[in-house]
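So the structure is just underneath, and the comments pick up after that.
No lab work stands behind these numbers, since they all come straight from the coordinates. All values reported here derive from a predicted model rather than from experimental measurement. Using ideal geometry, Cβ is built from the backbone for each residue, glycine included, and neighbour counts are taken over all protein chains shown.
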Amino acid sequence: MQPINLTSALAAGKDLVAKVQTASGVDVKACYQCGKCSAGCPVAFAMDYTPRQVMRMLQLGLAEETIKSRAIWLCAQCETCSARCPRSLEPAKVMEALRIEAKRAGFEADDEIATFNEKFLRSVASNGRVFEAGLIVGYNMATVQPLKDAGVAPSMLAKGKLKLFPSKIRGRDVINRMFTKAEKMEADNK
Amino acid sequence: MITEKMRDVAKDLLTKGEVNMVIGWEKGTFWYNSTPVFITKAEDVERLVFDEFCTNNLAKYLLDYKTAEGKVAIFVKGCDARAVNRLMQDQQVQRDKVYLLGIPCGGMKEAAPGTQPQATEGLPLVEKCQNCTSPNPVVFDVLLGDQVSVRDTQNRFAAVEKLEALGTDEKYAYWGEMFDKCIRCYACRNVCPACSCRECAFDGNGLNWLGKQNNLQENQMFNITRAMHVAGRCIECGECERVCPMDLPLMAINRKVIKDLNELFGAYEAGMDVENRPPLGQFKLEDPEKFM
Amino acid sequence: MSLDTEAVQQQPATAAQPEGAPQEWEPRIVGFACNWCTYAGADLAGLSRLQYPPSIRLIRVPCSGRVNPQFVIRAFQRGADGVLVAGCHPGDCHYSTGNYFTRRRFLLMQNMLQYMGMDPRRFQARWISGSEGPKFQQVITQMTEDIKALGPNRKMRDVE
Amino acid sequence: MRKVGVFVCHCGSNIAGTVDVEKVAQEAAKFPNVVFATDYKYMCSEPGQQVIKDAIKEHNLDRVVVASCSPRMHEPTFRRCIQTGGLNPYLLEMANIREHCSWVHPDKAKGTVKAIDLVRKAAAKVVKNEPLQKSSINITKRALVIGGGIAGIQVALDIADAGFPVTIVEKEPTIGGRMAQIDKTFPTLDCSACILTPKMVDAAQHPNIEIISYAEVDKVEGYVGNFDITIRKKARSVDMNKCTGCGTCWEKCPTKVDSEFDMQLGKRKAIYTPFPQAVPNKPVIDREHCLKFKTGKCGICEKVCPTGAVDFTMEDELITQQYGAIVVATGFDQFDHSVYGEYGYGKYPDVITGLHFERLVNASGPTMGKIKRPSDHKVPETVVFIKCVGSRDEAKGKTYCSRTCCMYTAKHATLMAEKVKGSKSYIFYMDVRTPGKGYEEFYKRTQGEYGAQYIRGRVSKVYPKGDKLVVRGEDSLLGRPVEIEADMVVLASAMVARSDAGDLARTLGISYDKDNFFTEAHPKLRPVETHTAGVFLAGACQGPKDIPDSVAQAGAAAAKAIGLLAKSQMETEATVSQVDESRCSGCLLCKSICPYKAIDVKIIAERVGGKTVERQVASVNKSLCQGCGACTVACRAGSLNLLGFTNEQILAEVEAVCL
Amino acid sequence: MKYAYYPGCSLHSTGIEYNMSTLAVAKKLNVELEEIPDWNCCGASAGHTTNHLLGLALPARNLAIAEKQGLDVMAPCASCYNRMKTAEVAVKSSPEIRAKVAEITEMDYAGNSGVKSALEVFLKEVGLEKIKASLVRNLGGMKVAAYYGCLLVRPNGIGMDDPEDPMTMDDMITALGGEAVQWPFKTECCGASLPTARSKVGLKMVNDILQMADISGVDAIVTACPLCFVNLDMRQNDLNKKAGGNFNIPIFYFTELLAIALGEKPGKVGVKKHFVSTAQVLDKYNLK
């Protein structure tokens, strides 16, 4: 294992850590690494870094590694960590902020989840609402697993749980503008 | 109409003997002034008025009746009410000795002296009311009239910020010019509801905190000390500035202190209640540490 | 912002010097020092023979909380070029809480003096503990240099 | 016209080497009011002091300035000197021309100028000095100890051994406190009862100690040396004079109640002593549960009592006594972990606390020392210990470290290994803190010899699964979530202040911190005193402490109390605040900022407009005032002044150094 | 009692039973619901983890419309509720955010109209007392585990019940004559979109919950979240097939059981649309 040069890491990660801290409202220095977040995290078993380790890496300035990690994409945003943190820090908010930074930097370690989110939002942007049938099909096509979940689709259609056509709202243009404006404002903010 | 209500309630209180005196305003010599009045007989209540010229803060008159028998009723606008709280916090006025008649206040106006009577709508608000943060009484026994909404107070510290932006020497020159004018009549002090000392540090034959000379230096000593003494206690009634015969911008000093206190030690407005101690009478461990 | 002219325009005045004073102008700094920390710190500076400019005149008070802002103004009136208020570090007050009040009071006072046109370097407050002889030396040296750069104080003075 | 004498010391060459002392004396002679000035090689020496005394006589001096070293060094010396010379000791001022001048300014010319200034300053001040007297107050030679745990017992024994009468007021029916509940003590593993109960008996039998158990302090009046204290003796329903402690009553009592002493794991009767070695070993009736009080029926205890000691009509009794000193030793409570939903909100019977474990492992405890878990009395084989429950947790608990948990958890794991062969203990920790003699070694043995598995991480959730408790944590050293299926979970719950600590603090007029622990007068230098003179602290009421620390602090508090009681009179500060009542408007801002509660309201009568009216003014209690002067600045009118450092004196100094 | 109704995308598709039963309960309990005109998707977790402002603006637009209607919003879906509550709190606490959101949505939302979950409206506002008085039949001791998931109870200050041991639905089960089984996984996360997006990870999470319910001996699980519902209901088949599970635990929306107890025909509230058949359990407790 290569030793980490902490002197340069702190300097290199400073800006990104600051951004994450501002966006999440979490002071990562305040974390005392007790691990309660990771102990209670329902997804920690599948993560490459536990939430505590993500916090630790941010403390040491290893910000780029965190936004390349899969952990931030696996986070289900259930906020168990935030609810139990003895220092009232909110690791879930940090995960959220890291995802946004990762997208901005073009790192999407977990393509599947990133793709799902993207399809989801695209669906909202164009229809104003989520078109679940379209979402499932589009998502599975994009991740090259066209048959996954395909088994349930017919029965869902039969139960009236999937519609073949998207439900579109009248204010679609407003929603579309909202996406553009929100993107621009977040970009300006940085 | 507030005036009618004032008269009714005053008459009622005096007739029933619940209070021995009512302090309010009556019409002054000119159409554009209303002056304090002290009513002790029910038949005199017709003298009471409330209009846009009841600028005087009445609270401090209560000190004259500290030892009087029975209760005194007093009409209080927002600023008068805060002044009463202030005096109660200094334990100079007892709550059960006063009957507070609250009047929500839309702001006081002024007309150029000597002008002919005119509609008050067109007249400008007096300075102290332009940025009033509490037009509604914060303490009262009865409230006459409906609560009014708070005006936009964004410009509250505009004058302060303007002076803060000056260079060091420009500031000194500005204040030097101002304090040079001061005649140390002490009207600012006498009218101030935060100045509740039995005997002022500058009076009496004890220690000479202040020289008798009327020069710039002693005037500086007086004015800075006055600001420090009312720090955290000024309720922004603006009476000091109103009564100053030399038109010194005293509120630009008081508001500077208010602004600093709020920025340094957290929001605090004097006289909003009697419990919350003034900022210089308390501290927090996490206060800003600039001295190192 | 206008140019702060005080520092550049005023030349060291010799007229106001005490009789027989050395040629180089030495500012006059009045220091209020709490008995338990700063006064002891100054004693330690002495014991350790730490040299600093002879500009400071310490007035001993039990606690920095004893220092009335009016003392400060009076010092300027009577000719001080600078005033220092110094006491125990927050948390170390011999009387537990005195310096917390000091901190609030003089933070406000410093702002007020600045607002009135005094250069903030002329009025300073510092925490110097009984073990901080070197810090006492450094504070006095620095403050003396600051004030030397500013020149003699003319503001608020009633003696010419 | 004052007559001031100025004495300039050479201090050998210490001063004279870099200050022209003769010139200083010459200049000083020119100062207003100075009638005599001289210099001398060593002013503090016998002959030097004689110079001063002689000059006082010869020149009729009424004020003295000594220009020498720091007043922090020799002020007491020169005060004594002028006192023997016939002057009030406070008519002295010193100019510090050594530490503040000769030693730091090598330039002789400049140093001399400064020395002259410093002497001028001292001379200007001394003119304003007034003779001051230390006042004195009488001391009642009796101490009150509130709380009869190990700290309180130790304090009482120490004070009593020094020859002063002591009263212990204990809230519970017996003294002994928390230590009586504990099984073994770390790091030596000796039995807690074996070392505590002899001390309890010593206290009971000591001729100078009076134990008032089942009682509380109701009211405190007066001040240091002279506290008037009202003690409420709660109705015991048993006449202490008649009762012999034979135990027939509690044997026959039909009502069983969860035992507080056994942490609800065992039962006691409605008439009871908390444990067999109780002191006094005489029972009380718990009126909340007693059938006689609830239904009017029963009364068996009264019938069986051979001495007729049971008295259902007994009422609370108030007694008032005077004390010179008070020591507070009220101990701690255990943090209530029912705020932790993730640990089951206190609803899982087999999630217990450290104190529960003490009772479970104790030979005289509810399980006779056999460790059985509460739910089904099975012997647990896998036990998880969770540290820092309620400690170091600002979200749901306390910010501080409880200091004792690391050690007692190690002890618990050791006892598990000893008592249940083949058992396995897992300890979740964040840090292991063992700063104490033999502590780190004990921790090492727990891990090594006794095989406790330490896992670094906080537990996130405990939940039942079948008859097991699943414990989820992260091994943060490994960076992986871990799970343990345990039989029992022991929480090292924080030590917290007694729930009624705030009330007692208000009764006593002492301060307490954000966590309701009583605040010491100075965190380093006055650790057992409070801001209220005459009130001292011992044990965990001041902050979490283990037994050795509590006992040590108890000894310290006793020494302070003895120091006070040993005097028949106590001198108070001469440099205290003084109120000019004619000027005081009675706003009492001063009262709120006085750290010693030395300022109170006083009602004075005066003539106003032909009639007498009453008004309030501030009044300084000279015995309590420590002379900090904070009040003098808070007073805008300047009606408060600090003797020895008056506004007049300080302004005179300011003017003198600015000349 | 009247609320602006925000069904959200799920209740129009995968959560159609939730919609049907909610409307049925509302009718039985005289809660008037007026659907928010032209409502849009709240963005769910994809929204706020992609763009913070967008995550606030999407729900804020709906709230702004409701504010114009002068009504508080009822949002049955836990995710929609959580997003709307977050937007409500954010806008109320910061004028700056309020301004930004207004700029994006082209509507000012002042925070006057708040959001309540269906649980709050039916079980707290209407209240169990009134419900008990209107019961037509009871659950006859059916052993039901209440499953709340994450978003209803977290984070602190936004959640509508205790984050570790909520009781709102348990109390309802008891009131309806069922046995509210106390189990430790009431608020354990079901994985949200993970069973779809990363099925291995997500299915393990669902599996853990179902297993715990199974060993707790329940007849059924009741939930108030369409995503939890889909994960627990639809994924049982997957687990049985791919992971060797043997689950057959009927999942209900709380509104379904409530509507049935209030006298609605089970078929009318959508219980036949579930993947795991509800017929057996309804039969067992005479609730057909």
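Computed from Cα positions, the angle between helix D:108-128 and the longest principal axis of chain D comes to roughly 80 degrees.
The distance from the alpha carbon centre of the range B:1-40 to that of the range D:309-346 is 58 Å, rounded to a whole number. Using DSSP to call loops (not H, G, I, E or B), can you name the trypsin sites (Lys or Arg not before Pro) in the range E:83-188 whose Cβ has at most 14 other Cβ atoms within 10 angstrom? Sites meeting the loop and neighbour criteria: E:137. Convex hull volume of the C-alpha atoms in the range E:136-284, normalised per residue: 103 Å³. For the range B:222-273, the dipole from Cβ point charges (+1 on Lys and Arg, -1 on Asp and Glu) about the Cα centre works out to 160 debye, to the nearest 20.
Using only Cα atoms, tell me the angle between helix D:192-205 and the longest principal axis of chain D; keep it within 0 to 90° and round to the nearest 10. On a 0 to 90 degree scale, this one is about 60.
Pick from B:179, B:38, B:30 the residue whose mean-square fluctuation is largest in a GNM of chain B, springs joining Cα atoms under 10 Å. Most flexible of the set in this elastic network: B:30. Averaging Cα coordinates gives a centre for the range A:91-108 and one for the range D:37-95; these two points are 76 Å apart. Farthest toward the positive end of the dipole of the range D:4-128, out of D:92, D:24, D:9, is the Cα of D:92, where the dipole comes from beta carbon charges about the Cα centre. Sorting D:298, C:93 by the number of Cβ atoms found within 10 Å of their own Cβ, with the fewest placed first, yields D:298, C:93.
For chain A, which DSSP H helices look membrane-span-like by this rule: Cα extent along the axis of 20 Å or more and mean Kyte-Doolittle of at least -1.0?
Flagged H segments are A:6-24, A:91-105, A:111-127.
Spatially, the range D:569-622 and the range E:211-288 are offset by 77 Å when compared through their Cα centroids. GNM, chain B, Cα, under 10 Å: largest mean-square fluctuation among B:197, B:234, B:132? Maximum among the listed residues: B:197.
Checking every one of the GluC sites (Glu not before Pro) in the range B:205-276 against DSSP loop status and a limit of 15 other Cβ atoms within 10 Å picks out B:275.
Percent of C-alpha pairs per 10 Å bin in the range D:577-643, short distances first: 23, 53, 19, 5. Packing, as the average of other Cβ atoms within 10 Å across residues, places the peptides D:12-23, C:112-123 in the order C:112-123, D:12-23, highest first.
Take each complete run of DSSP H in chain E, measure how far its Cα atoms stretch along the helix's own axis, and keep only those covering 20 Å or more with mean Kyte-Doolittle hydropathy at least -1.0; list them. Result, helices passing both filters: E:52-69, E:78-93, E:199-215, E:226-242.
Working ranking of peptides B:144-151, D:418-425 by packing, defined as the average number of other Cβ atoms within 10 Å per residue, highest first, is D:418-425, B:144-151. Divide by every residue of the protein assembly as shown the summed helix terms, -39500 (n - 2.57) for each DSSP H run of at least 4, and state the resulting mean residue ellipticity at 222 nm, rounded to the nearest 500 deg cm²/dmol. Calculated at 222 nm, the ellipticity per residue is -11000 deg cm²/dmol.
Computed over chain B, relative contact order equals 16 percent, with contacts defined as Cα pairs under 8 Å that lie 6+ residues apart. Neighbour counting of Cβ atoms within 10 Å sorts the residues D:97, A:72, D:195, D:139, fewest neighbours leading, into D:195, D:139, A:72, D:97. Calculate the mean, over all residues of peptide D:471-477, of how many other protein chain Cβ atoms lie within 10 angstrom of the residue's Cβ. If you average over the peptide's residues, the count of other-chain Cβ atoms is 6.
Measuring nothing but how far apart in sequence close Cα pairs (under 8 Å, 6+ apart) lie, relative to its length, chain A scores a relative contact order of 18 percent. Scaling the Cα radius of gyration of the range D:420-486 by the globular reference 2.2 N^0.38 Å produces a ratio of 1.25. Evaluated over the Cα positions of the range E:2-117, the convex hull gives a direction-averaged projected area, one quarter of its surface, of 6.5 nm².
Shielding of peptide A:42-54 by partners, expressed as the average count of other chain Cβ atoms within 10 Å per residue Cβ, is 5. As a proxy for reagent exposure, ranking C:89, D:100 by other Cβ atoms within 10 Å from fewest up yields C:89, D:100. Rounded to the nearest 20 debye, the dipole size of chain B about its Cα centre is 460 debye, using +1 on the Cβ of Lys and Arg and -1 on the Cβ of Asp and Glu. Taking every residue in B:280-289 and counting other chain Cβ atoms within 10 Å of its Cβ, the average works out to 5. Loop-located trypsin sites (Lys or Arg not before Pro) in the range B:193-249 (DSSP state not H, G, I, E or B) with no more than 14 neighbouring Cβ atoms inside 10 Å: B:212. Taking a ≥ b ≥ c as the square roots of the Cα gyration tensor eigenvalues, the protein assembly as shown comes out prolate, since a/c reaches at least 1.5 and a/b is larger than b/c. Between the listed residues E:54, B:137, D:272, the Cα displaced farthest toward the positive end of the dipole of the protein assembly as shown, a dipole computed from Cβ unit charges relative to the Cα centre, is found at D:272.
Comparing E:239, E:71, E:176 in a Gaussian network model of chain E, where Cα atoms under 10 Å apart are tied by springs, the biggest mean-square fluctuation is seen for E:239. Using C-alpha pairs under 8 Å with a sequence gap of at least 6, the mean separation divided by the residue count of chain E gives a relative contact order of 20 percent.
A simple packing score, the average count of other Cβ atoms within 10 Å per residue, orders the peptides D:186-192, C:38-44 as C:38-44, D:186-192, with the highest score first.
Remark: for residue pairs B:259/E:100; D:347/D:419; E:130/E:268; E:2/E:27, the C-alpha separation exceeds 19 Å in B:259/E:100; D:347/D:419; E:130/E:268.
Can you give the charge dipole size of the protein assembly as shown about its Cα centre, rounded to the nearest 20 debye, using +1 on the beta carbon of Lys and Arg and -1 on the beta carbon of Asp and Glu? Could the numbers behind the result be given before it?
Numbers: 197 positive and 183 negative charges, 410 e Å.
Charge dipole, the protein assembly as shown, about its Cα centre: 1960 debye, nearest 20.
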